[in-house]
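Okay, structure first, notes after.
The values are calculated or read from the model by the stated rules, or taken from the named source; none is laboratory data. Because the structure is predicted, anything quoted here is derived from the model rather than measured. Here the Cβ positions follow ideal geometry from the backbone for every residue, glycine too, while neighbour counts run over all protein chains shown.
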């Protein structure tokens, strides 16, 4: 990530080959300090040029595997930047919300993609949106159609996506001093880490974290991509992995084939063992699961502190944040009353009576609904309380917390994990059997406007959009509801539920 920012900083001073005076508008041919690049008019927006497959580092292969990226070598001639580079090492996934469907998978994958307005000039200084894809640190790519930057770039900004192992913006009309980082799911965790890390100080001006910032005491952090490992444990697990691969050194591990390594790309940790969340009945609730083994590490360098300490001490970038979760982040299975009573008695302990008074269930339908309701209440509370901690630690920039509620058509999973992406990027897909309505297209316009406003100004508000209030430790218990309705809404519909969630969080360790 630092190497990517280094490349952005290194190339931002690069003018077009003949200077802005002779070529006042960005053409599909751009000169960078690493060589010439040729892009093409976007297939989705005729006023946008896309540049795909631009190397931002040397291929991280052989001796460079698992090392910090090195700057790319200069190339001769003109780079034909009209095709995406390879997806990074991962198991193949067919085309979908989070996957490109590409069979071009390689460790030689450190490429980025740029979308720029055709009428931008080298003096435009447009805001830059740097997007980090999700995929549980196991899959995904900057080439996923969901993240095509054409529609956002048409709103007068530069959009950058890139691959990472699991830019040049001034020459394209962008402002290297106005970069907003964003991501969803594991990409959200990565965007937040960039906000938390001292290595990005003065390099980013805003952060969008979709599914999403969570309170450091939220038990769901155990199993999500926002989880982390402590350095000592990560080193221990690394030594175990070397042994499992029948090698004795990291140098020998660099010679193991990509295919053999990918046998372990879906590995999970075992941090729930010995906790109430590891109980078999509790696992049936679907509230908490084991996290991916390969996830961020509090290493004292990129992440000096855990999330709680970072927020409490204000040891992070003081920049505007927009973050939230979705109504149907988790797919809930049917829950019988016996399992419901047993699981939540185990979870809540001495606070069980208060829980069952707030979330009563006398049959399977009610037990299933109350489990889902509890999960959704947690999702709203955790984002709201994270924003409260943000301010209490001394941050002065606004935090905007939201809750996404709209269900895409022709499916039964509701406002599922990542469903807002169709609307924020403006890429309602044609490869799913969805019948998009007029409201879906209007919602695409509204959501794209909120996101574009935030990227440009650090505030989602503007024009005739429904006011999106910033959070505050002194304001009411509300977050911004987006989707089927717009406006500030309560995080819970009963004050007793708020007390139950607060009790639950108080019983959990701090991340």
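Annotations
- The residue pairs whose first member lies in region 283-309 and is not assigned by TED's automatic domain parsing to the domain that holds residue 334, whose second member is in a strand (DSSP E or B), and whose beta carbons are closer than 6 Å, counting only pairs six or more residues apart or on different chains, do not exist in this structure.
- Counting only strands (runs of 3 or more DSSP E) that fall entirely inside region 22-77 and contain at least 1 residues that are buried (at least 16 other Cβ atoms within 10 Å of the Cβ) and at pLDDT 90 or above, the qualifying elements are 35-38, 48-55.
- Number of positions in region 144-199 that are within 27 Å of residue 390 (Cα to Cα) and under 13 Å from the mean Cα position of the chain (by Cα): 16
- In summary, residue 462 fulfils each of the numbered conditions (1) in contact with a helix residue (DSSP H, G or I) (Cβ under 6 Å, 6 or more places away or on another chain); (2) surrounded by fewer than 18 Cβ atoms within 10 Å (Cβ to Cβ); (3) farther than 30 Å from residue 115 by Cβ with the single exception of condition (3).
- Residue among 434, 423, 416 that is surrounded by fewer than 20 Cβ atoms within 10 Å (Cβ to Cβ), assigned by TED's automatic domain parsing to the domain that holds residue 313 and within 17 Å of the chain's Cα centre (by Cα): 416
- Failed condition for residue 384, given (1) outside any loop (DSSP other than H, G, I, E, B); (2) more than 19 Å from the chain's Cα centre (by Cα); (3) modelled with pLDDT under 95: (2)
- When the helices (runs of 4 or more DSSP H) confined to region 414-511 are screened for residues that are out of contact with any strand residue (DSSP E or B) (no Cβ under 9 Å at 6 or more places or on another chain) and under 26 Å from residue 227 (Cβ atoms), those reaching at least 1 such residues are found at 495-506.
- Taken residue by residue, region 158-172 has no member that is surrounded by fewer than 24 Cβ atoms within 10 Å (Cβ to Cβ) and at pLDDT 95 or above.
- Check on residue 226, surrounded by 21 or more Cβ atoms within 10 Å (Cβ to Cβ), at pLDDT below 95 and part of a helix (DSSP H, G or I): no
- Boolean, residue 363 is modelled with pLDDT under 95 and assigned by TED's automatic domain parsing to the domain that holds residue 460: no
- The set of residues from region 104-127 being in a strand (DSSP E or B) and crowded, with 21+ Cβ neighbours inside 10 Å comprises 111, 112, 113, 114, 115, 116, 117, 126, 127.
- Lone qualifier among 492, 479 - being buried (at least 18 other Cβ atoms within 10 Å of the Cβ), in the same structural domain as residue 382 (by TED's automatic domain parsing) and farther than 14 Å from residue 322 by Cα: 492
Residues checked against (1) closer than 17 Å to residue 293 by Cα; (2) touching a helix residue (DSSP H, G or I) at 6+ places or on another chain (Cβ under 9 Å):
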position: 158; (1), (2): no, yes
position: 170; (1), (2): no, yes
position: 177; (1), (2): no, no
position: 186; (1), (2): yes, no
position: 198; (1), (2): no, no
position: 203; (1), (2): no, yes
position: 209; (1), (2): no, yes
position: 217; (1), (2): no, yes
position: 220; (1), (2): yes, yes
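- Qualifying position, being surrounded by fewer than 24 Cβ atoms within 10 Å (Cβ to Cβ) and either under 28 Å from residue 372 (Cα atoms) or touching a strand residue (DSSP E or B) at 6+ places or on another chain (Cβ under 7 Å) (or both), among 132, 204: 204
- Figure legend. Inter-residue proximity from region 336-349: first residues under 14 Å from residue 500 (Cβ atoms), second residues outside any helix (DSSP H, G or I) and at pLDDT 95 or above, beta-carbon distance below 9 Å, spacing 6+ or different chains. Indicated pairs: 344/359.
- Residue 204 vs. criteria part of a strand (DSSP E or B), outside the structural domain of residue 420 (by TED's automatic domain parsing), closer than 30 Å to residue 395 by Cβ and at pLDDT 95 or above: no
- Close pairs from region 240-254: first in the same structural domain as residue 64 (by TED's automatic domain parsing), partner loosely packed, with under 11 Cβ neighbours inside 10 Å and part of a loop (DSSP other than H, G, I, E, B), Cβ under 9 Å, at least 6 apart: none
- Single condition residue 210 does not satisfy, out of (1) at pLDDT 95 or above; (2) at positive phi: (2)
- From the options 468, 505, residue that is crowded, with 17+ Cβ neighbours inside 10 Å and closer than 30 Å to residue 351 by Cβ: 505
One line per residue, one yes/no per condition, for (1) buried (at least 19 other Cβ atoms within 10 Å of the Cβ); (2) outside any helix (DSSP H, G or I):
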site: 350; (1), (2): no, no
site: 362; (1), (2): no, yes
site: 366; (1), (2): no, no
site: 371; (1), (2): yes, no
site: 376; (1), (2): yes, no
